Each structure stands twice: as structure tokens, then as C-alpha cells.
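To start, the structure under review is shown below, and the notes come after it.
The values are calculated or read from the model by the stated rules, or taken from the named source; none is laboratory data. This is a predicted model, so every value here is computed, not measured. Positions of Cβ are backbone-derived with ideal geometry, glycine not excepted, and every protein chain shown enters the neighbour counts. Keep in mind that these areas ignore ligands, DNA and RNA; they rest on the heavy atoms of the full protein, side chains included. Shrake-Rupley method; radii C 1.70, N 1.55, O 1.52, S 1.80 Å.
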Amino acid sequence: MIDYLEYFGLKEDPFRITPDPNFFFPSKSHRQAEKLLKFVVDNGEGFCVIIGEPGVGKTTVLRRFLRDVESQVIYALILNPTLNPEEFLKTVLNDFGLDAENKEKDQLLKDFKKFLEATVKKGKKILIVVDEAQNLPVETIEELRLLSNLETDKEKLVQIILVGQPELDDKLRLPQLRQLNQRITNKAYIVPLDFEDTKKYIIHRLMLAGQVSVNFTEGAFKKIYKYSKGIPRIINILSSRALMSAFMENSYKIKPENVEIAVETIDPSILDIKGKRKSLLQLLLIFLTTLNIALILFIIYKLTTNG
């Protein structure tokens, strides 16, 4: 039985939600984030922070950047940052291939500095990269500031990249992290795509996947943008399911109706539909409350005048 990718002449799934650097789409904010990351590494800057809402493509930018600088850096990539300072330090050392078991913190720091100095002498740069960094405990973020103090007379021994959701920005502004926040001069914000970039994004991914016969109508593009609000992860989900809907109809054209069918298969909270319904309910409650108050005041007025 023919599958829907074969039906549309696609070599691979163009709308996977995994962060594949090969499918990187260079919107303005994505390009700026990528350029900033490269600038930070090239110039030996201490800290870099990338901020964006869930699903906007932060991890894709990060993975593309790490792939491109692989020959000039050694990095530890921390994907589960909910660690206390000592656990975090041990995880970093383990990622660099160092033995961190059964050692006191002083010894861990000595081993780490020795590793950093030896690596820098070989002409390599060392990065600590934290994804989902909004989950870092405050005391662990402070530990990162202390690690950034490791340096020679000429350069930083380690560079730190934090990638996270807007909550990370809020956390960095806390009074106890004031010293660290003052050091962060390199920060980029990745924002959702606008309508034109949403269209280009879908076409871009289809072309990379070997698109032959897929045709999204203008109306379908508008529906996808309306429901996704330009967030790439949601664009992928909607586009993939709209393709499946068209396939089930034996059609090569993706129409607004196919997007509506795709929407029906998705948890409303993902598309913030539930939030809109909740707002309408709140308006109804306000209306009923106001009506009740008016009715009570009217009854009091009648009782008073009759008395």
C-alpha cells in the first residue's frame, strides 16, 4: 500500500517536529541568533543567551550552530538542567570525559581547570551549552557565573551558552543574579514567523524533502498561520496532518478544509483554542454577575420606594 509521502513524491517527512539542522529556515530572528552564537565563539565572549517561546526553533538553531563549529570547539551539552550546583558540575565534567565520581568540589574544579588549560593550548574552545535553561535552579546559574571566572591573563577558558524560554529572561533579572546579568551582553530573541515567512517556511521544507506534487492553496496557508501564530513546531504539526487529510481524499491540493480537519485532531490547548473559549466563558460570567447585581439593586429600590 502506498504511503502518503510516496503519494506526494516526498523523499522524507518535511514536517518532522524534531530539531533537524538540515531543515533550518533562515528567518530574520533565526539568522540573528545564529550569527550571535558564532560571534560569541569567534571572539571568546563569556556568556550568550538565546530566548524564545516553546516551538519557535531555538534547539534547531543551536544544533545547526554546534554542527557548524564542531571542528573548532569541544562542548558539553546539558539537556536536563534541573540539577544542583555540584550535580551540574559533575554532569559537565562527565560530558567532557572526565572522572567526577567520589570527588569533593574543590578537586572537581581543579580537574576542570586543568582540562580547560590543556584544551585551550591545543587551539580548541570549550563551551558549556544548556538547553531548556529556564529550568536551571538559581544557585546553579550562580555556579555558572563562578565557572565563567576561569580564565588566563589573555582569554576566557570556558564560554557558556544558555538557551531557554522567556522565563529564563525573568530569572536572570532576579536580584541575586544581578552580577551575572550584568555580564550578559550577548542576547538574542527568536520570535514566531510572520505570514509571509510561514508560507516560505512550508515551501522551504517541502523543497528540501523533494517536493514534487504538493500544492498548498493560499487559503490553507492563511489557516495554518491563523492557528499556529507563526510557531514552527505547530506549523509542522498542522501541515503534516493537512497533508494526510489531502492524501485520504486522493488530492494533491491542500485546502483550508484540510487544515480545519488537522486542527480537529490536535489538543485545543496546543493551539490556544481552549484559552479563547475560556475567555468567552469569563465574559459570560461577568455578564451574568452584572445582571444579578442590577436585579438586586432593582429589588432594593422597589422595596425602599414601597416602604
Notebook entry, point to check: Within the set LYS125/LYS200; LYS58/LYS222; LYS35/LYS222; LYS28/LYS122; LYS58/LYS105, which residue pairs have Cα atoms separated by over 28 Å?
Noted result: LYS125/LYS200; LYS35/LYS222; LYS28/LYS122; LYS58/LYS105
Margin query: Using only DSSP helix segments of four residues or longer, with each worth -39500 (n - 2.57), what per-residue ellipticity at 222 nm results for the chain after dividing by its residue count and rounding to 500?
Written below: -17000 deg cm²/dmol
Check: Taking 0.36 nm per intervening residue step and subtracting the Cα-Cα distance, what contour gain separates GLN72 from ASN215 on full extension?
Finding: 47.3 nm
Margin query: Please report the carbon-and-sulfur percent of the accessible area for the stretch 207-251; probe 1.4 Å, protein heavy atoms only, DNA, RNA and ligands left out.
Written below: 57
Next item on the list: Over the chain, average the accessible area per residue using a 1.4 Å probe and give it in Å², no decimals.
Entry: 54
Next item on the list: Compute from the Cα atoms of the stretch 123-278 the Rg and the Dmax, the latter being the longest Cα-Cα distance, and quote both in angstrom.
Entry: 21.7, 68
Next item on the list: Please identify every one of the GluC sites (Glu not before Pro) in the stretch 1-110 that sits in a loop by DSSP and has no more than 14 other beta carbons within 10 Å of its own beta carbon.
Entry: GLU12, GLU70, GLU101, GLU104
Notebook entry, point to check: For the stretch 28-190, what log10 I(q)/I(0) values come out of the Debye formula at q = 0.10, 0.14 1/Å, with one point per alpha carbon and no solvent?
Noted result: -0.33, -0.67
Notebook entry, point to check: Got a number for carbon plus sulfur as a percent of the stretch 1-124's accessible area, 1.4 Å probe?
Noted result: 48
Item checked: Phi to ³J(HN,Hα) by Karplus 6.51 cos²θ - 1.76 cosθ + 1.60 over the stretch 129-136, Hz, x for Gly, Pro -> 10, 10, 8, 6, 5, 5, 8, 5
Notebook entry, point to check: Per residue, how much space in cubic angstrom lies within the convex hull of the C-alpha atoms of the chain?
Noted result: 226
Next item on the list: Compute the distance in nm between two label points, each set 7 Å from the Cα along the Cα-to-Cβ direction, one at LYS121 and one at ARG31.
Entry: 4.3
Check: Taking Cα pairs under 8 Å and at least six residues apart, what relative contact order does the stretch 28-190 come out at, in percent?
Finding: 39
